[in-house]
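**Q** The structure follows.
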Amino acid sequence: MLLKIIAVLSALIPAILFVRSMLGRRPTKLGAAMREAKKQIDLAVTIFLVVVGCVVAFALGKIVWTWWAAT
């Protein structure tokens, strides 16, 4: 289930970035809101990458543990 969520999020991130690039510049009134949205998107990407790193580290740990216990 966690891997499905990661796959969906990894598919959505390029779509979000594409939509952002297609919309282009906004008027200055929305400039502050866009900067805040960019910060939030950057934070979401960072959290996503940390979660993926934790999943990979856990999977590698399980593989090493299984390999070590078998010998």
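Coordinate-derived values only; no laboratory data. The shown structure was predicted, so the numbers you read here are calculated from the model rather than taken from an experiment. Reconstructed Cβ throughout: ideal geometry from the backbone, glycine too, with neighbour counts over all protein chains shown.
**Q** Going by average Cβ density within 10 Å per residue, which order do the peptides 12-22, 60-70 take, highest to lowest?
**A** Per-residue Cβ counts within 10 Å, averaged per peptide and sorted highest first, yield 12-22, 60-70.
**Q** With angles folded into 0 to 90 degrees, how steeply does helix 2-23 sit against the dominant principal axis of the chain? Use alpha carbons for both and round to 10.
**A** 20 degrees
**Q** By how many nm would the segment from ILE41 to LEU2 lengthen if fully extended, with 0.36 nm per residue of separation less the alpha-carbon distance? Walk me through the intermediate numbers first.
**A** On the way: separation 39, 0.36 × 39 = 14.04 nm, distance 2.04 nm.
Extending this stretch completely gives an extra 12.0 nm.
**Q** May I pose another question? Rounded to two decimals, what ratio of Rg to Rh does the stretch 2-70 give with C-alpha atoms and a Kirkwood Rh?
**A** When Rh is taken as the Kirkwood radius, the ratio is 1.23.
**Q** To the nearest 20 Debye, how big is the dipole of the chain about its Cα centre, given +1 on the beta carbon of each Lys and Arg and -1 on that of each Asp and Glu?
**A** Details: 9 positive and 2 negative charges, 81 e Å.
For the chain, the charge dipole is close to 400 debye.
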